[in-house]
Amino acid sequence: MHALDALLETFTWVGFGAGILVLLIAVFARLVDGHWVPTHVLIEDGPQGRVAHWFAADGGVGAALLTPEQERALAAKDEADVFTRDGVHDRVRLTKGSPGVRAFTILAISLIGVGLIASIGSLVQLFARG
């Protein structure tokens, strides 16, 4: 029984501790990622590949060379709805959120979940002996 208590205690501390640390990293990564807004772009063939063009909210004109992944996702479209970062006129992406930020968030929630489950298991053990 003492080994199970120690194991549950360890998973509680590691789950909550690591979960909160990874959650802080996710929040910091989200802040660094910036604000991305939905934008309608026109796509044309360029000398180095397909290029997306758009008018930015700040009055600038944006142009971004599409990555091979973006070219495959947009296939042969002449226009598309993508996301652009405020103040940056040479980058687009297909999703509003960053995959890295999403991965850190999922990992943080999973670790906190492990801590919560271990903590509940520890309480159940405590009252079951009682």
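Where a number appears in this text, it was derived from the coordinates with a stated rule and is not lab data. Not measured: the values here are computed from a predicted model. So basically every Cβ, Gly included, is an ideal-geometry build from the backbone, and we count neighbours across all protein chains shown.
On a C-alpha basis, how far is the centre of region 16-33 from the centre of region 46-78 in Å? Whole number, if you could?
One Cα centre to the other: 31 Å.
Just from its helices, what would the mean residue ellipticity at 222 nm be for the chain, if runs of 4 or more DSSP H residues each count -39500 (n - 2.57) and the sum is divided by every residue, rounded to the nearest 500 deg cm²/dmol?
It comes out at -19000 deg cm²/dmol, rounded to the nearest 500.
Given an 8 Å cut-off on Cα distances and at least 6 residues of separation, report the relative contact order of region 2-129 as a percent. Kindly include the intermediate steps, with their values, before the conclusion.
Details: 182 pairs, mean separation 49.0, N = 128.
This gives 38 percent for region 2-129.
As I understand it, the dipole of region 2-129 uses +1 on the Cβ of Lys and Arg and -1 on the Cβ of Asp and Glu, about the Cα centre. Which of T84, T10, V61 lies farthest toward its positive end?
T10
Cα axis of helix 2-33 to longest principal axis of the chain: angle in degrees, 0 to 90, nearest 10?
Long axis of 2-33 versus the principal axis of the chain: about 20 degrees.
To the nearest 0.05, what FRET efficiency results for L31 and A73 with a Förster distance of 35 Å applied to their C-beta separation?
Numbers: r = 27 Å, r/R0 = 0.77.
For L31 and A73, the calculated efficiency is 0.85.
Note the angle between two axes, namely the Cα long axis of helix 99-129 and the longest principal axis of the Cα atoms of the chain, as a number of degrees from 0 to 90, rounded to the nearest 10.
Compared with the principal axis, the helix lies near 10 degrees.
At 7 Å along Cα-to-Cβ for each site, give me the label-to-label distance between I109 and F55 in nm.
3.8
Which whole-number percent gives the relative contact order of region 57-102, counting Cα pairs below 8 Å spaced six or more residues apart?
With pairs under 8 Å counted, the relative contact order is 41 percent.
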